[in-house]
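Engineer: Dropping the structure in here first, questions after.
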Ligand SMILES: C[S@@+](CC[C@H](N)C(=O)[O-])C[C@H]1O[C@@H](n2cnc3c(N)ncnc32)[C@H](O)[C@@H]1O
């Protein structure tokens, strides 16, 4: 690997689908006995600045977290952040992952995000051998890659753009020129009868992409897509098995559609067919040692998992009976359901979001509300194997996020640090959330668990007066006119931050 002149950081975000807690949930549902994430040995290969890993380390003080990356600038920046956070259970090292097999460490969770599709085929094979060697017998790995057929469109676009940026060395100029070319290509669409629909959709996607994605994906030296069957074969050759997709749990593979049934019981063929139907462009594969996973979802294992939902009923409807109730989810998605058990579960969970209930507890509450027994396994199936799955979140252990702010509200050291440098901060569900308002960000940076409301309001007043940020409609120098109103603003902002799972218990 040659280092380019200017440093273009990679995404450097926490990734909920690839966090140890999510992998533990998947492992539980697919018959593996993975280590408890709070005490696990976690490795991230290609960790860049280690934001994902640091977020995991914050949530698991008794675990050990090790990241490896070839880029010295990313690792130096990451280690600086880790030092500032005072985290003793995470370490980043600048080295090639191929050196790892010389050491005797084994890991419960291995995370490889954004690497498999973007390296030379020889390195790809070495990656699978390394996974096989380093993964504990019951361990679980996350391995993302560009999937076919959806990523064909990306290859088409790369073929058109790369010849125009080949001679440009500076990555910033390459990104800029690539975007100009993307815009020019879009104009071609205006030609009557053009059959460029797929390509145009890809160009629009590309033009919305961050610098990081353009540089590390679209313009990368390697960016390969794989058919699912091809990927499964490579795993098998290395003594590994595909478990499921970290995000969707591949529920669609169990579909009763006649075209899927006609393919017989071969799961690989079914999944590849479904990838074709959905034009899938990305996979978040969960991988384990060969023969360790049952390969099928077992809802009876969900009893000890924790469920959360941000669902808020848009209009109150009755739980018993088939009256539909529409729920709004924090992502903005709407969900309508007529099933009493789902309605009851979403009411129960929505009231305490972003905290969670253990499934056995939830199923008891649901049974009470509905007036008939609903077993934990049936409830898990209803919540995870239907459109309701978009509204629920599952955890291996209770998330530390609280529903209502306490007397001296607190967020994590990472969120405090991130709030100082931009709108994107990592929450307690291990995902990036955007805190756009400068007032909210300033408040978040103050939440170290030692300050009551008055102290927070007073610190914010100082910051406004010092013009550290603008509050529309107020004159910073006229403190006496607005200071008394700050208390209510602080309360409102804390509630909002709690809803984004940013406040810790
Ligand atoms: C596209 S970035 C993804 C980074 C990060 N996982 C993310 O999602 O933001 C790929 C990373 O893999 C690292 N990498 C590439 N080849 C490597 C190797 N052989 N050993 C260790 N790291 C490698 C690169 O330096 C880069 O930081």
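Engineer: I'd like to verify a number: residues in segment 95-113 that are under 18 Å from residue 235 (Cβ atoms) and near the ligand (Cβ under 10 Å from one of its atoms), how many?
Structural biologist: At the first step, the residues of segment 95-113 found to be under 18 Å from residue 235 (Cβ atoms) are 97, 101, 107, 109-113.
Of the ones still in play, those that are also near the ligand (Cβ under 10 Å from one of its atoms) are 97, 111-113.
Qualifying residue count, segment 95-113: 4.
Engineer: Here is a follow-up. Could you check, for segment 29-40, whether at least one of its residues is in contact (Cβ under 8 Å) with a residue 40 or more places away in the chain, within 15 Å of the ligand (Cβ to nearest atom) and over 16 Å from the mean Cα position of the chain (by Cα)?
Structural biologist: Taking segment 29-40 as the starting set, the residues that turn out to be in contact (Cβ under 8 Å) with a residue 40 or more places away in the chain are 29-38, 40.
Among the residues that remain, those that are also within 15 Å of the ligand (Cβ to nearest atom) are: none.
No, segment 29-40 has no match at all.
Engineer: Further question on the same structure: What pairs come up if the first residue lies in segment 241-267 and is modelled with pLDDT under 85, the second is crowded, with 19+ Cβ neighbours inside 10 Å and part of a loop (DSSP other than H, G, I, E, B), and their beta carbons are under 8 Å apart, counting only those six or more places apart or on different chains?
Structural biologist: As it stands, the answer is 251/297; 254/297, since those pairs meet every condition given.
Engineer: Okay, next question. Residues to consider are 355, 311; find the one that is in contact (Cβ under 8 Å) with a residue 40 or more places away in the chain and out of contact with any helix residue (DSSP H, G or I) (no Cβ under 6 Å at 6 or more places or on another chain).
Structural biologist: Values: 311 fails: out of contact with any helix residue (DSSP H, G or I) (no Cβ under 6 Å at 6 or more places or on another chain).
The match here is 355.
Let's see how each residue does on (1) crowded, with 19+ Cβ neighbours inside 10 Å; (2) more than 21 Å from residue 353 (Cα to Cα); (3) without any contact (Cβ under 8 Å) to a residue 12 or more places away in the chain:
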position: 420; (1), (2), (3): no, yes, no
position: 427; (1), (2), (3): yes, no, no
position: 434; (1), (2), (3): no, no, yes
position: 457; (1), (2), (3): yes, yes, no
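Engineer: So, residue 131, is that one more than 11 Å from the ligand (Cβ to nearest atom), touching a strand residue (DSSP E or B) at 6+ places or on another chain (Cβ under 7 Å) and touching a residue at least 60 places away in the same chain (Cβ under 8 Å) or not?
Structural biologist: Values: more than 11 Å from the ligand (Cβ to nearest atom): yes; touching a strand residue (DSSP E or B) at 6+ places or on another chain (Cβ under 7 Å): yes; touching a residue at least 60 places away in the same chain (Cβ under 8 Å): yes.
Yes, satisfied.
Engineer: Just to verify a result, which residue in segment 269-281, among those that are surrounded by fewer than 19 Cβ atoms within 10 Å (Cβ to Cβ) and touching a residue at least 24 places away in the same chain (Cβ under 8 Å), is nearest to the chain's Cα centre (by Cα)? Walk me through how you get there before you give the answer.
Structural biologist: Let us first name the residues in segment 269-281 that are surrounded by fewer than 19 Cβ atoms within 10 Å (Cβ to Cβ), namely 269, 276-279, 281.
Still in the list and also touching a residue at least 24 places away in the same chain (Cβ under 8 Å): 269, 276, 278-279, 281.
Values: 269: 27, 276: 24, 278: 21, 279: 21, 281: 16 Å.
Filtering segment 269-281 for residues that are surrounded by fewer than 19 Cβ atoms within 10 Å (Cβ to Cβ) and touching a residue at least 24 places away in the same chain (Cβ under 8 Å), the one nearest to the chain's Cα centre (by Cα) comes out as 281.
Engineer: Something else about it: How many residues does segment 77-94 hold that are within 15 Å of the ligand (Cβ to nearest atom) and in contact with a strand residue (DSSP E or B) (Cβ under 8 Å, 6 or more places away or on another chain)?
Structural biologist: Restricting attention to segment 77-94, the residues satisfying the condition of being within 15 Å of the ligand (Cβ to nearest atom) are 77-79, 81, 90-94.
In the following step, the residues that additionally are in contact with a strand residue (DSSP E or B) (Cβ under 8 Å, 6 or more places away or on another chain) were identified as 78-79, 90-94.
Final tally of qualifying residues: 7.
Engineer: Can you name the condition, by its number, that residue 440 falls short on among (1) assigned to a loop (DSSP other than H, G, I, E, B); (2) surrounded by 13 or more Cβ atoms within 10 Å (Cβ to Cβ)?
Structural biologist: Evaluating residue 440 over (1) assigned to a loop (DSSP other than H, G, I, E, B); (2) surrounded by 13 or more Cβ atoms within 10 Å (Cβ to Cβ) leaves (1) as the failure.
Engineer: Identify the residue in segment 114-127 that is assigned to a loop (DSSP other than H, G, I, E, B) and in contact with a strand residue (DSSP E or B) (Cβ under 9 Å, 6 or more places away or on another chain) and, among all such residues, is farthest from the ligand (Cβ to nearest atom). I'd like the intermediate steps shown before the answer.
Structural biologist: Residues of segment 114-127 assigned to a loop (DSSP other than H, G, I, E, B): 114-115, 119-120.
Cutting the leftovers down to in contact with a strand residue (DSSP E or B) (Cβ under 9 Å, 6 or more places away or on another chain) gives us 114-115.
Details: 114: 3, 115: 5 Å.
Here the residue is 115.
Engineer: Filter segment 47-72 down to residues that are within 11 Å of the ligand (Cβ to nearest atom) and under 12 Å from residue 12 (Cβ atoms), then give me how many there are.
Structural biologist: First pass over segment 47-72, keeping only residues within 11 Å of the ligand (Cβ to nearest atom): 47-53, 67-72.
Still in the running and under 12 Å from residue 12 (Cβ atoms): 47-53, 67, 69, 71.
So the answer is 10.
Engineer: Kindly list the number of the only condition in (1) out of contact with any helix residue (DSSP H, G or I) (no Cβ under 6 Å at 6 or more places or on another chain); (2) assigned to a loop (DSSP other than H, G, I, E, B); (3) buried (at least 18 other Cβ atoms within 10 Å of the Cβ) that fails for residue 285.
Structural biologist: Result: residue 285 fails condition (2) only.
Here's the yes/no breakdown for (1) surrounded by fewer than 21 Cβ atoms within 10 Å (Cβ to Cβ); (2) at pLDDT 95 or above:
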| site | (1), (2) |
| --- | --- |
| 57 | no, yes |
| 76 | yes, yes |
| 85 | yes, yes |
| 90 | no, yes |
| 93 | yes, yes |
| 96 | yes, yes |
| 104 | yes, no |
| 116 | no, yes |
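Engineer: Any residue in segment 100-123 that is under 20 Å from residue 136 (Cβ atoms) sitting within a Cβ distance under 7 Å of a residue that is assigned to a loop (DSSP other than H, G, I, E, B) and more than 8 Å from the ligand (Cβ to nearest atom)? List the pairs, counting only those 6 or more apart or interchain.
Structural biologist: Here the result reads 108/34; 108/35; 108/40; 109/40, each pair linking segment 100-123 to a residue that is assigned to a loop (DSSP other than H, G, I, E, B) and more than 8 Å from the ligand (Cβ to nearest atom).
Engineer: Quick check on segment 208-222. Is at least one of its residues away from the ligand (no atom under 16 Å from the Cβ), touching a residue at least 24 places away in the same chain (Cβ under 8 Å) and touching a helix residue (DSSP H, G or I) at 6+ places or on another chain (Cβ under 7 Å)? Break it down into steps so the answer makes sense when it comes.
Structural biologist: Taking segment 208-222 and keeping what is away from the ligand (no atom under 16 Å from the Cβ), we get 208.
Still in the list and also touching a residue at least 24 places away in the same chain (Cβ under 8 Å): none.
No, because not a single residue in segment 208-222 is away from the ligand (no atom under 16 Å from the Cβ), touching a residue at least 24 places away in the same chain (Cβ under 8 Å) and touching a helix residue (DSSP H, G or I) at 6+ places or on another chain (Cβ under 7 Å).
Engineer: Of the numbered conditions (1) in a helix (DSSP H, G or I); (2) touching a helix residue (DSSP H, G or I) at 6+ places or on another chain (Cβ under 6 Å); (3) in contact (Cβ under 8 Å) with a residue 60 or more places away in the chain, residue 161 satisfies every one except a single condition; which is it?
Structural biologist: Of everything listed in (1) in a helix (DSSP H, G or I); (2) touching a helix residue (DSSP H, G or I) at 6+ places or on another chain (Cβ under 6 Å); (3) in contact (Cβ under 8 Å) with a residue 60 or more places away in the chain, residue 161 misses just condition (3).
Engineer: Just to verify a result, which residue in segment 135-146, among those that are more than 13 Å from the ligand (Cβ to nearest atom) and surrounded by 20 or more Cβ atoms within 10 Å (Cβ to Cβ), is nearest to residue 230 (Cα to Cα)?
Structural biologist: Among those that are more than 13 Å from the ligand (Cβ to nearest atom) and surrounded by 20 or more Cβ atoms within 10 Å (Cβ to Cβ), it is 141.
Engineer: Moving on to the next point. Cβ contacts < 6 Å: first residue touching a residue at least 40 places away in the same chain (Cβ under 8 Å), restricted to segment 370-392; second residue assigned to a helix (DSSP H, G or I) and surrounded by fewer than 16 Cβ atoms within 10 Å (Cβ to Cβ), any location; separation 6+ or different chain. Result?
Structural biologist: 376/360; 377/300; 385/251
The values are calculated or read from the model by the stated rules, or taken from the named source; none is laboratory data. Worth saying up front: this structure is predicted, and the values here are computed from it rather than measured. Here the Cβ is made from the backbone with ideal geometry for all residues, glycine too, and neighbour counts use every protein chain on show.
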